[in-house]
Amino acid sequence: MATPAEKLAESLVELEKLQNEGGIAIIKADELSRTHKERLIKNGFIREVIRGWYISCPSDEKESETTSWYVSFWKFIVLYIDSRFGKDWCLSPEQSLSLHSGNFMVPPQLLIRSPKASNNRVNLLHGSSVFDSKVEIPHHNERNEIDGVQVYSLEAGLVAVSSDFYTRHPTDARTCLAMVKDSSGVLAKLLDGGKSLVAGRLAGAFRNIGNDKIADGIMDTMKSAGYDVRETDPFNEKMELELSSRDVSPYVNRIKIMWEQMRGEVIKYFPHAPKEILKVNDYLQQVQENYKSDAYHSLSIEGYRVTPELIEKVASGDWDPNKSAEDRQQKDAMAARGYFQAFQVVKASIKSVLEGENPGEVVDNDHGSWYRELFAPGVAVGLAKASDLAGYRNGPVYIKGAMHTPPRHEAVRDAMPFFFDLLKEEPEASVRVVLGHFIFVYIHPYFDGNGRIARFLMNVMLASGNYPWTVIKMDNREQYMSALEKASAGNDITDFAKFIGEQVSNTIDKKTVSM
């Protein structure tokens with residue numbers, strides 16, 4: 001007779017078959033037998049979303065934790081809504097444009113349109129919901145798929161979206177506007193519908209982002225067709241910013257917009273640099289004195305999936321989530337060694353900055369070395385693959401408990417060079433400190449270690465402004481993570497700017513007292 005462990009392993013085999021490449025399983029009730037479902041629910045490997053639908057999750061994840069749901073959300077929506085409406089559905093124009101702009105944050109309520117809908121709200125996990133409206137949707141040639149999600153095309157969405165979208169979601173709106181190459185796509189829809197009011201609003205929106213060519217094209221063409229068009233700017237404020245319309249990821253313009261919007265808040269809340277300028281060796285000595293305190297602070301950013309190795313461990317009876325101290329100790333030891341090695345390389349980067357090199361150039365050139373040193377010890381003992389040292393991630397990554405979903409790996413290749421250009425060109429050290437840290441974590445270029453590298457980057461930028469090395473304490477982790485999430489998901493840098501500014505001020509004060 002099979003043991004309980006062997007039975008659980010059999011159920012995990014069936015769960016593994018349902019996982020996609022990212023380790024996510026969205027499960028309809030009829031895809032698993034009742035026995036397998038009950039067994040997997042009991043051991044914490046799957047969780048019910050709504051009646052007849054489940055998602056996979058780590059066995060040690062508490063029901064109150066949101067990570068599995070946020071990771072699974074969009075794939076769940078595609079499979080669930082497809083099962084109801086086929087492909088005869090799409091998101092609202094506003095939420096369609098958010099996805100076009102690269103904003104995959106889980107909304108409190110997702111708005112679905114379909115002629116097959118029943119004007120019904122379905123409550124999902126963690127306070128989220130989906131509402132389906134019985135509404136006609138654009139013709140299939142005016143719709144796109146983004147990772148399987150049915151959305152309005154970019155041009156159709158811009159014509160259909162309400163005027164308050166520009167004030168409620170200015171970053172999404174500007175990012176989408178910058179993706180439009182010429183006026184022909186939107187003009188066809190404006191002319192066919194005789195939408196003179198929308199035409200005036202779009203002309204003003206394009207002019208707001210500096211694209212006079214498209215703005216003039218809309219106004220001139222509509223007037224030539226006999227329409228009375230009055231140009232209006234739907235945004236609350238003018239942004240003097242040149243956005244790229246080249247074939248790059250929308251994240252390039254998104255990051256540029258965020259940087260420009262946020263830098264004023266950072267300067268407002270950041271302390272003045274100490275007047276005393278230390279010699280290079282004295283500064284580096286103070287950096288070294290912070291090593292032991294700094295070395296214990298890192299973010300735990302992990303994905304999950306059911307693997308054949310886990311199945312084998314369960315089948316043999318060796319699986320016990322409460323008895324893995326030995327594995328944890330080995331991983332901790334390798335992480336500590338990696339941090340030590342990386343710290344030495346970061347000190348060399350600081351030395352280059354203190355000797356007058358452009359701090360953005362230094363970090364651009366050196367951050368790959370920081371990453372390799374962080375994880376080289378783990379590779380040496382077999383805890384990580386050698387290919388993990390290759391560089392930027394080549395797959396999706398998720399942040400535990402965060403609503404923000406980092407860019408797809410293809411976008412990272414566009415976003416990172418642009419990010420370093422911003423660092424190189426930024427004149428204010430305080431902005432390099434705060435936005436350097438934030439944007440690096442926002443992009444999340446690596447599978448792991450992003451938080452540690454972001455704090456290294458922050459401290460290199462602190463050195464560029466004559467600020468002391470600053471340790472973010474574990475006692476402040478909740479406030480720290482909350483402020484980062486607010487900046488990422490809410491596009492509001494204020495709390496993070498205040499938090500980093502306070503930590504730096506406290507460090508300066510302690511140095512002053514000890515002198």
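Laboratory data are not the source of any read-out in this text; all were calculated from the coordinates shown. Bear in mind that the values here come from a model prediction, so they are computed numbers and not experimental data. For neighbour counting, all protein chains shown are included, and Cβ atoms are generated from backbone atoms with ideal geometry for every residue, glycine included.
In terms of its Cα atoms, the chain spans 75, 74, 35 Å along the principal axes, sorted from long to short.
Quick one: if the Förster radius is 56 Å, what FRET efficiency do Lys134 and Ala386 give, using the C-beta to C-beta distance and rounding to 0.05? So the FRET efficiency works out to roughly 0.55. Here the dipole of region 235-291 is about 80 debye; that uses its Cα centre as origin and unit charges on the Cβ of Lys and Arg (positive) and Asp and Glu (negative).
For the chain, with only Lys/Arg (+1) and Asp/Glu (-1) charged at the beta-carbon, what is the dipole magnitude about the Cα centre, in debye rounded to 20? Kindly include the intermediate steps, with their values, before the conclusion.
Values: 61 positive and 71 negative charges, 121 e Å.
Value, rounded to 20: 580 debye.
The fraction of Cα-Cα pairs per 5 angstrom bin, counted from 0 for region 24-180, comes to 2, 9, 18, 19, 18, 14, 10, 6, 3, 2, 0 percent, rounded to whole percents. Its Cα centre serving as origin, region 4-65 has a Cβ charge dipole (Lys and Arg +1, Asp and Glu -1) of approximately 260 debye. Judged by the mean number of other Cβ atoms found within 10 Å, the most tightly packed of the peptides 73-79, 127-133 leads the ranking 73-79, 127-133. Taking other C-beta atoms within 10 angstrom as a stand-in for reagent exposure, Tyr152, Tyr269, Tyr392 fall in the order Tyr392, Tyr269, Tyr152, fewest first.
Any of Lys256/Lys424; Lys275/Lys347; Lys87/Lys116; Lys347/Lys400; Lys256/Lys400 with alpha carbons more than 18 Å apart? Name them for me.
As for pairs spanning more than 18 Å Cα to Cα, those are Lys275/Lys347; Lys347/Lys400; Lys256/Lys400.
Once the dipole of the chain is set up with Lys and Arg at +1 and Asp and Glu at -1 on Cβ about the Cα centre, which of Gly148, His272, Pro417 lies farthest towards its positive end? Of the candidates, Gly148 comes out farthest on the positive side. Of all DSSP beta bridges located in the chain, what percent are antiparallel, nearest 5? Bridges in the chain that DSSP calls antiparallel: roughly 75 percent. Couplings 3J(HN,Hα) for region 191-200, derived from phi with the Karplus relation 6.51 cos²θ - 1.76 cosθ + 1.60 (θ = phi - 60°), are 6, 4, x, x, 8, 5, 5, 5, 4, x Hz, where x marks Gly and Pro.
Candidate cross-link partners of Lys223 among the lysines, defined by an alpha-carbon separation under 27 Å and a same-chain spacing of 8 or more, comprise Lys181, Lys189, Lys195, Lys213, Lys238.
Under 5 Å between amide hydrogens, built in the peptide plane, is the criterion, and for Val135 it picks out Ser114, Ala117 among residues at least 5 positions away or on other chains.
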